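Quick note: the coordinates plus some simple rules give every number you see, no bench work behind them. Just so we're clear, the structure is a prediction, and the values are computed from it rather than from any experiment. Using ideal geometry, Cβ is built from the backbone for each residue, glycine included, and neighbour counts are taken over all protein chains shown.
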Amino acid sequence: MTKRLFLFTLILITLVGCQTAKPVEYRPGGDGIDSPRNPIRKVDFTFTGDLLFEQALYDDAENYDFGPYFEGIKPYLVGDFVVANQEVVIGGAELGLSGTQFIFNAPKEVAFELAKAGFNVLTLSNNHVYDKGFPGVVNTLKYVKEAGLLPVGLYDNAHDAQQMTILEKNGMKIALLSYTYSINRKPPTEYQFITNVFLTPKRVFDQERENKLRADIRKAKAVSDAVIVSIHWGAEFTYNLNTAQRKAVAVMNEEGVDLVIGNHPHTPQTAEVLTSSTGKRTVVFYSLGNLVSAETDDARAEDAFDVMYQTGILVQASLIKNTLTNTVYTDHIRIIPVVNHFDRGRVNFRLMPLSAYTEELASQHAQHQTIPLFTKAFIDDQMELLYGDFLNSLNP
């Protein structure tokens, strides 16, 4: 695959045979794929990176109207399930809105704006879930549900925390698990159930946490056709994968997870397909980067990652079950790089596919004003670096 093909087209790659048996395309009597007589069952997904609503976004959007912000990518927010990692508590104005100093709380309008943009599932397990204490947890679930969105990975009672989220569509059941590496503000003992933490307080993936992860996946597989894990992990502002990521994803592959969607590093990270000793293949995206954000020049980041802070990827993929062979595989993987554009002064926010972005727009980006490295050419090169080999491996 040439770099130009990667840079200027939306990439559609088909991955078949994510089990050892190849799927059988069987349509007796000319039945379509939705016919009960057809053994092929398919569920389409779109996944995005972190929704990190920061103060400048609230300042720029009149009456918290984010319609114009999402307009440029709305055509890609399609599928049976459109899933994003909502990294900001939606506790409403009553808990005090906050978009700075690493303590976040969004107005309730955010939930409804996300629904209008096309999202229908929010994973909520992340390090900011307790930024506004237990009232923030309660309100987030309340407003997300009122907006008609499905919350995953956040709980306001111990009973719900023990339940499995199952997405049902087109004759398939898909379990969606959600985890975080830690919580910034530690909840008291009586609220430890609010989310699933897969590392110890010292951020180690020890035997106890490994056993818990294995048990969760086995429980999910017992009641579903496929398993997806959304996981908040990794080091920020780097492409390097840490030990916990490597160990945890190996366990997920061994236990038969179909798809892993990572978030948290504030930059896209690489993707790969892992194959277990039994031949099970797991498609892994280590980080989809940011979708929503508003910060520039983070003191923790090198210039390259300040640039990549303004980027993310959309991943579109289908999970397919062949009822004749009882196999599940991942198909139609599509990667769509996205730029979070805003002008000097942090105004005129809009999300754009990288394929539609220009050097002229890049020169106007607020980030370019202090970091000249922010160019379309640089972002193009980084996306090729991250995903070129992966895409080639799916289409040898």
Q: Using the Cα centre as the reference, give the magnitude of the dipole from point charges on the C-beta atoms of the range 252-371 (Lys, Arg: +1; Asp, Glu: -1; all else neutral), rounded to the nearest 20 debye.
A: 440
Q: About the Cα centre of the chain, how large is the charge dipole given +1 on each Lys and Arg Cβ and -1 on each Asp and Glu Cβ? Please answer in debye to the nearest 20.
A: 1440
Q) Taking K74 as the anchor, which lysines have their alpha carbon closer than 20 Å to its alpha carbon, excluding any fewer than eight residues away along the same chain? A) K116
Q: Give the cross-link partners of K142 among the aspartates and glutamates, using a straight C-alpha distance below 18 Å as the criterion and excluding same-chain residues fewer than 8 apart.
A: E87, E94, E109, E113, D131, D156, D160
Q. If the label point is 7 Å along Cα→Cβ of A215, which residues in the range 123-166 have backbone nitrogen under 18 Å from it?
A. 158-165
Q) Excluding same-chain residues fewer than 8 positions from K376, which aspartates and glutamates have a Cα within less than 13 Å of its Cα? A) E359, E360, E384
Q: Return the single residue from T296, T140, T370 with maximal mean-square fluctuation; model: Gaussian network over the chain, springs between Cα atoms under 10 Å.
A: T370
(Q) Can you compute the modelled spin-label distance between Q55 and M164, with each label point 7 Å from Cα toward Cβ, in nm? (A) 4.5
Q) Quick one: if you stick a label point 7 Å off each Cα along the C-beta vector at A93 and S355, how many nm between them? A) 4.1
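Calculate how many DSSP beta bridges within the chain are antiparallel, expressed in % of all such bridges and rounded to the nearest 5.
On the way: 43 of 72 bridges.
Bridges in the chain that DSSP calls antiparallel: roughly 60 percent.
Mind checking the dipole of the range 118-247: about its Cα centre, +1 per Lys or Arg Cβ, -1 per Asp or Glu Cβ, Debye to the nearest 20?
280
Subtract the Cα-Cα distance of F134 and T278 from 0.36 nm times their separation in residues, and report this length gain in nm to one decimal. Each step should come with its number before you reach the end.
Working: separation 144, 0.36 × 144 = 51.84 nm, distance 4.28 nm.
Extra length from F134 to T278 when fully extended: 47.6 nm.
What does the C-alpha gyration tensor say about the overall shape of the range 109-231? Classify as rounded when a/c is under 1.5, otherwise prolate if a/b is larger than b/c, or oblate. Numbers along the way, then the final one.
Numbers: a/c = 1.98, a/b = 1.07, b/c = 1.86.
Judged from the Cα gyration tensor, the range 109-231 comes out oblate (a/c at least 1.5, b/c at or above a/b).
Take the eigenvalues of the Cα gyration tensor for the chain, scale each by 5, and report the square roots as semi-axes in whole Å, largest first.
Values: eigenvalues 191, 138, 84 Å².
One finds semi-axes of 31, 26, 20 Å for the chain.
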Q. Under the classification rounded if a/c is under 1.5, otherwise prolate if a/b is larger than b/c and oblate if not, where does the range 334-378 fall, given a ≥ b ≥ c as square roots of the Cα gyration tensor eigenvalues?
A. oblate
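Can you flag which of K186/K219; K145/K321; K212/K247; K169/K321 are past 18 Å Cα-Cα? List each step's numbers first, then the result.
Details: K186/K219 27 Å; K145/K321 29 Å; K212/K247 14 Å; K169/K321 12 Å.
K186/K219; K145/K321, as the Cα separations exceed 18 Å there.
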Q: Give the distance, in whole Å, between the Cα centre of the range 149-224 and the Cα centre of the range 306-342.
A: 22
(Q) Under a crude label model (7 Å from the Cα following the beta-carbon direction), how far is R185 from R344 in nanometres? (A) 3.7
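Please say if the range 176-332 is rounded, prolate or oblate, where rounded means a/c under 1.5 for a ≥ b ≥ c the square roots of the C-alpha gyration tensor eigenvalues, and otherwise the choice is prolate for a/b larger than b/c and oblate otherwise? Please report the intermediate quantities before stating the final value.
Values: a/c = 2.02, a/b = 1.30, b/c = 1.55.
Judged from the Cα gyration tensor, the range 176-332 comes out oblate (a/c at least 1.5, b/c at or above a/b).
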